[in-house]
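Taking it in order: structure first as structure tokens, then the write-up.
The values are calculated or read from the model by the stated rules, or taken from the named source; none is laboratory data. In this text the structure is predicted, and so the values were computed from the model without any measurement. In this analysis, Cβ positions are derived from the backbone assuming ideal geometry, glycine residues included, and neighbour counts consider all displayed protein chains. Calculation scope for accessible area: heavy atoms of the full protein, side chains included, ligands and nucleic acids excluded. Shrake-Rupley method; radii C 1.70, N 1.55, O 1.52, S 1.80 Å.
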Amino acid sequence: MKHILRSQQFDRPALEKLFSATDELSALYETPAGKRDIRKLCEGKLLFAVFYEPSTRTRFSFCSAAQHLGMMTLQTENAKEFSSAIKGETLEDSINALCQYDPDIIVLRHHETGGADRAAAVVDRFDHNVSIINAGDGKGQHPTQALLDLYTIKRELGRIDDITVTVTGDLANGRTVKSLVYLLAKFKGVKFVFLSPENLKMEEGIIGHLREHEVPFREARNLEDALTDTDVAYWTRIQTERGSSNTTLDLTLGVPQMKFMKEGSIVLHPLPRVNEIAKEVDGDKRAAYFRQVRNGMLIRMSLLRELCG
Amino acid sequence: MKHILRSQQFDRPALEKLFSATDELSALYETPAGKRDIRKLCEGKLLFAVFYEPSTRTRFSFCSAAQHLGMMTLQTENAKEFSSAIKGETLEDSINALCQYDPDIIVLRHHETGGADRAAAVVDRFDHNVSIINAGDGKGQHPTQALLDLYTIKRELGRIDDITVTVTGDLANGRTVKSLVYLLAKFKGVKFVFLSPENLKMEEGIIGHLREHEVPFREARNLEDALTDTDVAYWTRIQTERGSSNTTLDLTLGVPQMKFMKEGSIVLHPLPRVNEIAKEVDGDKRAAYFRQVRNGMLIRMSLLRELCG
Amino acid sequence: MKHILRSQQFDRPALEKLFSATDELSALYETPAGKRDIRKLCEGKLLFAVFYEPSTRTRFSFCSAAQHLGMMTLQTENAKEFSSAIKGETLEDSINALCQYDPDIIVLRHHETGGADRAAAVVDRFDHNVSIINAGDGKGQHPTQALLDLYTIKRELGRIDDITVTVTGDLANGRTVKSLVYLLAKFKGVKFVFLSPENLKMEEGIIGHLREHEVPFREARNLEDALTDTDVAYWTRIQTERGSSNTTLDLTLGVPQMKFMKEGSIVLHPLPRVNEIAKEVDGDKRAAYFRQVRNGMLIRMSLLRELCG
């Protein structure tokens, strides 16, 4: 594995290997002595966070992971507006130039689908010893988000097989949701329950994929139907900044709705949330979305460590 | 002391302890061997500078202090515009998410009064092992600025008791000036002299506070009257970007005006200045405003070290 | 040498000393053990990258160089818009304040010609132990770019004397081109060939300088004439963002045009390029413009090391 470009790179054995490596690293990291030792793992390695679009949370997640491993970091938060891009330089030239400075890893967020693939192609063509990590490419992929979602399920429930996963919100436009459904479909006995406004239903491509692989799914009638008996409630935001709207269905998860959920189940959310999960839910031990953020940093630590060799 | 949110947290013994710790750290820092040793004091600790409004000077002051102590730093300069805030995420959620990455300290500059309090509340509610430092919250507080002002007086004059302090400029809107007056009022024998345009006079709240605590103050008739016999001339800028204006009173401190000031007195200014202090004054040994900037870094080093344990 | 402000600071012996030091450092840097050792050379030293205008490439070049040497870095990408500058603070005050935080080096990019000189003057006036490096001051200088261009010629051809250098593109406005021509004129047996649109010809000042120093130059009739027998083809972009335009002359360097160039010659470009060099040329071993980017980092490492003592 040289680059991390899409979640499909990871088959089931690769996922299990990654999660088990992350468990080990995480156990070490949680002790003071281990935390100190971990800072030697990637000492002297250099990470560039090249963000053509700002995303403070994702940038801090990768760069914290890098710093906890002892790496050095250099960052740009708004390369689209500020860099040579406005003078007409191609992404390929920008990446090729940055590779001359010997980063070990370039974490790239780009506004165009396929941006990370183009970056990886130029790295390989010029034989640079640099790994590209796709941290979101337009409407394309954001593979480390899908990995952290899956890792959180594994860590919280102890298994990924034989679970029921409810997914709500903007199913038509959510990059996160699609990647998660594709990855989960590789496991055994996973059942999906969808709940979304009429105008934001899961797209046909994914529905077809589930049918083809004989993965059971159904649409829920309402919140009670969606939450009863589920193991994972994956909540998402209506992405109004991309033109989505929801006027027909109240998808707010509050304390009353949490009563539908069984003991030992979990609530996930890729964040940021607006008000689709009431903040009163945060105190419920089943609310796992902030632990999910932490798992994101841990998965990234594990990936960075593997890429640094 | 877990968080640093407002200058009122510091009573007189706490201030004296802080200043004396800063003196010691500073003496060490000024030697090459000591400077090297200091880089071990907070080794492996992580500071996030989360600035919803840009302030290059304050950010560099905190981050230089952190780096001289061996800390790692991650920064964002314009979180208000760039982060999930524009998608409707609350400050509480942003801080709670950032805490998952295990910073030891979050230095927060926020555009709303009370921002730092809200950040500290969420840290405490979720029991994170993170300290919040308020680096300015709207029209609220900027406690490390007040601490560095006071420390500079202590260091330059050798005492804070029994001094006369002249304060000029925009007394109505200056956050800095108010904090300074409140803190100085805790010392013995401090007398205030105010000089400001009619429309920018010190607000009634502070005047009332001084009366209540029987702290002597008076308004000066002119620059000569304001400067003669004073120990500290605290000069400030008219904050035109907040709508303040001064058309009635020339408050320029130039070489001629410096003649009114006695030997051993000092001129302070929170900077940036525009032209209210002529640059010819910079060469006068009583011009202490750049040493004040340096003291800011030293005080912050001292605070970071204490918070890191 | 305390500051690096303009390319004229470097006479021929200084250039040769710098290039030879860079060769040595570079040889060390290319081995794993040497790369590790180099991280001790400037350990604990602090570099501020203060960019009033964004330039991701230049900032990453300096900061990568610094980090490979073990330095700490603090950066601002858009100081013009974000800092106290908008409140009316002078560059001198900003620099004087930043110097209080004890950087060893300030890399300054400023939008006004003379900005770096003003910064160096205030550093010297207040006797700060800080070096200013000019990373571009408006239409003024960008000395490390000229140094890296020359170093690349030296490294690629093995000599700087007795070469023919073709320069094309926007010769009227290119800061890079002028500095390069001035520096090359110090060497023996250098001949220039210019090719540019009628409206973007080399300015009279430089032409006069070449005549005065009896440096041979001529204008080429066309691309074939410009490239045949040349050793260095220095290609530049038409800077349309500064109002330059080229409607009369096709200056595209493609695979067919490369056939005019002799074996062992090289193509340079300060980058970013738009389409004045076809990307198909990148695979030609004479295409040296990405190696030139790498040499930029190496020259800066060498300069930083010397300035840090």
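Table for the structure above
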{"quantity": "Semi-axes of the equivalent ellipsoid for the protein assembly as shown, Cα gyration tensor, largest first, Å", "calculated": "45, 45, 24"}
{"quantity": "Cα long-axis angle, helix C:12-29 against chain C (0 to 90 degrees, to the nearest 10)", "calculated": "80 degrees"}
{"quantity": "Listed pairs A:Lys279/B:Lys87; A:Lys87/B:Lys87; A:Lys154/A:Lys285; A:Lys45/C:Lys2; C:Lys17/C:Lys188; B:Lys35/C:Lys45 exceeding 19 Å between Cα atoms", "calculated": "A:Lys87/B:Lys87; A:Lys45/C:Lys2"}
{"quantity": "Within chain A: Cβ-based charge dipole about Cα centre, in debye rounded to nearest 20 (Lys, Arg +1; Asp, Glu -1)", "calculated": "540 debye"}
{"quantity": "Share of Cα-Cα pairs in segment A:143-293 lying beyond 22 Å, as whole percent", "calculated": "33 percent"}
{"quantity": "Accessible heavy-atom area order of C:Thr164, B:Thr76, highest first, probe of 1.4 Å", "calculated": "C:Thr164, B:Thr76"}
{"quantity": "Size of segment C:100-188 as Cα extents on the principal axes (Å, biggest first)", "calculated": "47, 28, 17"}
{"quantity": "Neighbour-limited loop hits for GluC sites (Glu not before Pro), segment C:21-104 (at most 14 other Cβ within 10 Å; DSSP other than H, G, I, E, B)", "calculated": "C:Glu30, C:Glu43"}
{"quantity": "Point-charge dipole on Cβ atoms (K/R +1, D/E -1) for segment C:143-293, about Cα centre, debye to 20", "calculated": "420 debye"}
{"quantity": "Rotationally averaged projected area of segment C:1-123 (alpha carbon convex hull; nm²)", "calculated": "8.2 nm²"}
{"quantity": "Angle in degrees between helix A:289-308 and the longest Cα principal axis of chain A, rounded to the nearest 10", "calculated": "30 degrees"}
{"quantity": "Semi-axes of the equivalent ellipsoid for chain B, Cα gyration tensor, largest first, Å", "calculated": "33, 23, 18"}
{"quantity": "Normalised contact order of chain C, rounded percent, pairs of Cα under 8 Å and 6 or more residues apart", "calculated": "19 percent"}
{"quantity": "Inverse of mean 1/r across different Cα pairs in segment B:26-74, Kirkwood, Å", "calculated": "11.4 Å"}
{"quantity": "Zone residues, segment A:239-278, relative to A:Asp229, backbone N less than 20 Å from point 7 Å out along Cα-to-Cβ", "calculated": "A:257-267"}
{"quantity": "Unit charges at the beta carbon, dipole of segment B:87-242: most positive-side option, B:Val190, B:Thr240, B:Gly115", "calculated": "B:Val190"}
{"quantity": "Pseudo-label separations to other copies for B:Ser245 - Cα-to-Cβ vector, 7 Å, nm", "calculated": "4.3, 4.3"}
{"quantity": "Test item: C:178-185 mean partner chain Cβ contacts at 10 Å", "calculated": "0"}
{"quantity": "Estimated distance in nm for a label pair at B:Thr240 and A:Arg159, the labels positioned 7 Å out from Cα along Cα-to-Cβ", "calculated": "7.2 nm"}
{"quantity": "Residue-level accessible surface for C:Asp162, protein heavy atoms, 1.4 Å, Å²", "calculated": "100 Å²"}
{"quantity": "Reach of A:Lys139 by Cα under 12 Å, taken over aspartates and glutamates that are not fewer than 8 positions away in the same chain", "calculated": "A:Glu112"}
{"quantity": "Mean Cα-pair separation over length for segment A:143-293, i.e. relative contact order, pairs under 8 Å, 6 or more apart, %", "calculated": "25 percent"}
{"quantity": "Residue-averaged beta-carbon neighbours from other chains (10 angstrom radius) around A:36-43", "calculated": "1"}
{"quantity": "Inter-copy separations for A:Pro32, label at 7 Å along Cα-Cβ, nm, ascending", "calculated": "3.4, 3.4"}
{"quantity": "Compactness relative to 2.2 N^0.38 Å, alpha carbon Rg of segment A:63-149", "calculated": "1.08"}
{"quantity": "Chain B: angle of helix B:56-68 to the longest principal axis, Cα-based, in degrees nearest 10", "calculated": "60 degrees"}
{"quantity": "Cα Rg over Rh - segment A:182-263, Kirkwood", "calculated": "0.97"}
{"quantity": "B:Met261 - accessible surface, heavy atoms, 1.4 Å probe, Å² rounded to 10", "calculated": "10 Å²"}
{"quantity": "Peptide C:295-305, shielding by other chains (average Cβ, 10 Å cutoff)", "calculated": "1"}
{"quantity": "Inter-copy spacing of A:Phe126 label points, which lie 7 Å from Cα along Cα→Cβ, given in nm from shortest upward", "calculated": "4.0, 4.0"}
{"quantity": "Sites matching trypsin sites (Lys or Arg not before Pro) across segment A:1-93 that sit in DSSP coil, with at most 14 neighbouring C-beta atoms within 10 Å", "calculated": "A:Lys2, A:Lys40"}
{"quantity": "Lys/Arg +1, Asp/Glu -1 at C-beta; the protein assembly as shown dipole; positive extreme among B:Leu304, C:Gly34, A:Leu304", "calculated": "C:Gly34"}
{"quantity": "Per-q log10 I(q)/I(0), segment B:249-309, q = 0.13 Å⁻¹ (Debye; single scatterer per alpha-carbon; no solvent)", "calculated": "-0.44"}
{"quantity": "Those GluC sites (Glu not before Pro) in segment A:235-309 that DSSP places in a loop and that have at most 12 other beta carbons within 10 Å", "calculated": "A:Glu263"}
{"quantity": "With all protein chains modelled, accessible area of B:Tyr234 [1.4 Å, Å²]", "calculated": "0 Å²"}
